[in-house]
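> Submitted below is the structure of interest, expressed as structure tokens.
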Amino acid sequence: MTRAKTDPSPAAAPVPAVTTPAVTVPGATLAGATLADHQARILRALVFIDDHRGEELTLEQLARVACFSPYHFHRVFAAHVGESVGAYVRRVRLDAAATSLSFEDTPITRIAMDAGYDTPGAFTRAFSQKFNLSPSAFRKRMRARHRTSPMSLKTPNLENIMQPELRTVPDRPVVFVRRTGDYNQSSGAAWSAICGWAFPRGLVGPDSRFIGVSHDDPRITTSEQLRYDACITVDRPVTPEGEVGFRVLAGGRTAVFLHQGPYAELHRTYEAIYGAWLPASGEELADAPCYEIYLNTPDNTAPADLRTEICIPLK
């Protein structure tokens, strides 16, 4: 449900990072191995939350996914993520609900259920506490803001951009690194990390795709909590290692828009998609994040010639 990505500013298909020789310190190898193991297990839990956000999630269930006891999982999760398990799940659910209210006509009762709340009343109380507005008032305010905003509808080549190709895309196995923070910084850090890991292992070939997933809307989620995944497609399962995860990006019906130009202008295309195309399309968004496929790289391409596919999963 988290779909409206307004300023991802990704670093597409960068070259692998240069690594320096490791310095051996007594006890450091064991400590490093433990840290990497904890990172991999917490990342597994975070991906599980992404994939099952609308379902009942218990501490015991997530602890099993991460192969921790509930007691230790709670502490390790908070240490790595900076929030308790309950606070994190509640926040990402409510932020996703806010995005749905901003761009969809889905009934509030259904949004409440998708956010994991049994009753609209419980959802309204939690939502109002976080955003200081009821869900209906929040929707009204966001819709009014969209009507008074130019929504970048004067984007160059808008008529061509707003003619998406409807595809049924396959599931895509990927290796990825997640970074949290302002997209302008976190995206570059994520790409540096995943490329520095994947290239030396021979996982990047001519058919590899470089995909960016911006999970949160920066107009709703605070900048320090924005989640960005830098993903590279692979042709076989890969064992997760530390901060590098492996997952399958679900396929299905997808509207694919072609953005040509600087990454700094991506937000204008997103605004046009959500502000102009979506309301007129009659389509309903799938419960999955949109993502970007970077067709060329700024390493050897002028900003005006960068080509990015913006992929919007549909029901």
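> Express the Stokes-Einstein translational diffusion coefficient of the stretch 264-315 in µm² s⁻¹, to the nearest whole number, given a Kirkwood radius over alpha-carbon pairs, 4 °C and a viscosity of 1.567 mPa s.
The Stokes-Einstein estimate is 104 µm²/s.
> Above 25 angstrom, tally the Cα pairs of the stretch 164-315 and express them as a % of all pairs, no decimals.
So the portion of pairs separated by more than 25 Å is 29 percent.
> Heavy atoms only, probe 1.4 Å: what % of the accessible area of the stretch 36-131 goes to carbon and sulfur, would you let me know?
Roughly 52 percent of what the probe reaches on the stretch 36-131 is carbon or sulfur.
> Quick one: 3J(HN,Hα) in Hz for the stretch 86-93, Karplus 6.51/-1.76/1.60 with θ = phi - 60°, rounded, Gly and Pro as x.
3J(HN,Hα) across the stretch 86-93, in whole Hz: x, 5, 5, 4, 4, 5, 5, 5.
> Multiplying the sequence separation of Ala33 and Ser128 by 0.36 nm and subtracting their Cα-Cα distance, what value in nm do you get?
Here the segment from Ala33 to Ser128 would lengthen by 29.9 nm.
> Quick one: length gained pulling Arg75 to Glu283 fully straight, 0.36 nm per residue minus the C-alpha distance?
70.7 nm
> What FRET efficiency comes out for the pair Glu60/Asn296, r = Cβ-Cβ distance, R0 = 30 Å, nearest 0.05?
It comes out at approximately 0.05.
> Please report the carbon-and-sulfur percent of the accessible area for the stretch 166-315; probe 1.4 Å, protein heavy atoms only, DNA, RNA and ligands left out.
Reported share for carbon and sulfur atoms: 51 percent.
> In nanometres, what is the gap between the two model label sites at His52 and Leu166, each 7 Å from Cα along Cα-to-Cβ?
Distance between label points: 3.3 nm.
> Right, next: Just grab the label-to-label distance for Arg253 and Met113, each label 7 Å out from Cα along the Cβ direction, in nm (one decimal).
Label-label distance for Arg253 and Met113, simple model: 1.9 nm.
The values are calculated or read from the model by the stated rules, or taken from the named source; none is laboratory data. Predicted, not measured: the structure shown is a model, and the values here were computed from it. Cβ coordinates were reconstructed from backbone atoms using ideal geometry, including for glycine residues, and neighbour counts include every protein chain displayed. In case anyone asks, the SASA skips ligands and DNA or RNA and just uses the protein heavy atoms, side chains included. Shrake-Rupley method; radii C 1.70, N 1.55, O 1.52, S 1.80 Å.
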